[in-house]
1. Of all the stretches in chain B, which is the longest one without any exposed loop site, taking GluC sites (Glu not before Pro) in a DSSP loop (any state but H, G, I, E, B) with at most 16 other Cβ atoms within 10 Å?
2. Have a look at B:LEU218, B:GLN86, B:SER185 and report the one farthest towards the positive end of the charge dipole of chain B, computed about the Cα centre with Cβ charges (Lys/Arg +1, Asp/Glu -1).
3. Using 0.36 nm per residue, how much length does the chain from B:SER221 to B:ALA69 gain when fully extended, once their Cα-Cα distance is taken away?
4. Using a 7 Å offset from the Cα along the Cα-to-Cβ direction at both B:ASP255 and A:ILE88, what is the distance between the two label points in nm, to one decimal?
5. Please identify, among A:THR83, A:THR111, A:THR74, the residue showing maximal mean-square fluctuation in a Gaussian network model of chain A using a 10 angstrom Cα cutoff.
6. Mind checking the range A:6-111 for GluC sites (Glu not before Pro) that DSSP puts in a loop (not H, G, I, E or B) and that have at most 10 other Cβ atoms within 10 Å?
7. Work out the FRET efficiency for B:ARG173 and B:THR16 from their Cβ-Cβ distance, taking R0 = 51 Å, and round it to the nearest 0.05.
8. Can you list residues from other chains, or at least 5 along the same chain, whose modelled amide H is less than 5 Å from the amide H of B:PHE257?
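Each reported figure results from applying straightforward, stated rules to the coordinates on display, with no laboratory input. Predicted model, so just to flag it, every value in this text is computed and none were measured. Quick reminder, even Gly has a Cβ in these numbers, built from the backbone with ideal geometry, and neighbours come from all protein chains shown.
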Amino acid sequence: MMKTCLVVDDSKVIRKVARHILETLDFAVSEAGDGQEALDACRADAPDVVLLDWNMPVMSGIEFLRALGQEEFTQRPKIIFCTTENGIAHIRAAIDAGADEYVMKPFDRETLQSKFELVGVA
Amino acid sequence: MEISDGAVRILAGLLTARTGQQLSVGRRWRVETALRPLLVRYAMPTLDLLVGKIVSGEVPQLADEAIEALLNHETFFFRDLAAFRQLETQGLGRLHAARAESKRLRVWSAGCSTGQEAYTLAMIFADRPERWAGWTIDILGTDLSPTAVARARAGRYSQFEIQRGLPIGHMLRCFDQQSDEWQASQALRDTVRFRVHNLLAVPPAGLFDVVLCRNVLLYFSADVRGLVFGRIASAMPADGLLMLGAGETVIGHTDRFVSDYECRGCYRKRVEDPRPALAPIADES
Ligand SMILES: C[S@@+](CC[C@H](N)C(=O)[O-])C[C@H]1O[C@@H](n2cnc3c(N)ncnc32)[C@H](O)[C@@H]1O
């Protein structure tokens, strides 16, 4: 079965780039433009992994993570934070809020692939 | 930018003599891209002229710089994650039992490039303080390239390098952020030594319980590879462990090592046949 990845980013361009890389890594990709949309998508059909941006309208990445923590899943999606916020405080906050991994933008295919391997979905 | 066959042959000869690496004609495009910065630095109009200058010996360091430019330093943390997990559980588990008395382990990352492999090993040990408490773990990283070794020693990585393969938890625990760069913590750097060493030469002194020689031997000719395997074997105890790169094998390249079936991707020294040699058969005639 193909692994599924939800790309959450308010930038259409970033979503497109991520989708392209993920498809070459054999993921079935879906997209969400903000945290709320992402939460709805996870409730409806939880993906294997979520690639999550930090700054988004409606619901930020961190708020999404906290909300997701309240939900019941048979298999909680793995969360990879993927943002331009590269300060150590941001990274710590993301990990504390429940992210499994963290990718700093810009990234390449190998980096992303290595992160998926680390969370066990590659 | 074109380079002539003759000039490629000269460079290939130089590279093989100094490093053991072979330069196939198919990698010619790499030669051109790799040497372009040197053309700019020395204001040379063509690659052929640059090679001429190397041969003339007018600029003594030019040959070294050309070699450096032709080397591939590609590496990243936890390269082949599955293999490192195997090493951690199976390989090091076994050595932990075998060295319970001396509590000493020596590890050699041969062809360590900019140090990610050696620091990966250091982190693997640091991850299990309860297992290694009271042990002396000596990790040595060596590379032919002085530039790579200097970078490894500094332990400083760009944002791009730091996140290739490295789990975020390790990055937070073992590295310090310094504006755009990340530096291995003093504690981590204290556990690893680096020095310049050519694999064609006699190995560093002493025996190494674990040797990693990964993604280095693949560009060597069969003869040189055989020689290097022999040298590595001579630097390992009978129960030592050799780890190669993901696509590499000893099979068909040396009879000094055999696959280690308990630790996938690793090799052990071939145990000398314990049977006594047969007496020569008397000639019946
Ligand atoms: C592709 S990197 C591999 C780094 C690391 N072992 C890994 O697997 O990620 C190969 C390294 O081998 C080094 N090398 C090449 N020939 C060598 C030789 N004869 N002796 C020592 N190092 C050598 C190069 O300088 C380069 O840094």
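1. Details: sites that count: B:GLU2, B:GLU58, B:GLU74, B:GLU101, B:GLU262, B:GLU272, B:GLU284.
Counting at most 16 other Cβ atoms within 10 Å as exposed, the longest clean stretch of chain B is B:102-261.
2. Value: B:SER185.
3. On the way: separation 152, 0.36 × 152 = 54.72 nm, distance 2.00 nm.
Here the answer is 52.7 nm.
4. 5.5
5. A:THR74
6. Working: sites: A:GLU23, A:GLU31, A:GLU37, A:GLU63, A:GLU71, A:GLU72, A:GLU85, A:GLU101, A:GLU110; in loops: A:GLU71, A:GLU72, A:GLU85.
The qualifying sites are A:GLU72.
7. Numbers: r = 42 Å, r/R0 = 0.83.
It comes out at approximately 0.75.
8. B:ARG270
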